[in-house]
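Below is one structure, written out as structure tokens; comments come after it.
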């Protein structure tokens, strides 16, 4: 996963956790605008979320934050 996308995911998760607490859940769509302005990044995250990790549509932001923090470049 590229650095820009990884940083966006970490930022969004941290903000959601700060706003709503440790129980808040996110979907991979939370990291993108409502328009498809970066289809390659969207597909990269979708593949990581769905194919590689078989995550549910909504997952705890704390879980996603931990998973992305652990990624190596």
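FYI, it's all coordinate maths here, none of it is from the lab. Being a predicted model, the structure only gives us computed values, none of them experimental. Heads up, the Cβs are rebuilt from the backbone with ideal geometry, glycines too, and the neighbour counts pull from every protein chain shown.
Among the residues of the stretch 56-69, those identified as surrounded by 16 or more Cβ atoms within 10 Å (Cβ to Cβ) and under 21 Å from residue 3 (Cβ atoms) are 61, 64, 65, 67, 68. Residues in the stretch 20-54 that are touching a helix residue (DSSP H, G or I) at 6+ places or on another chain (Cβ under 9 Å) and under 17 Å from residue 6 (Cα atoms): 17 in all.
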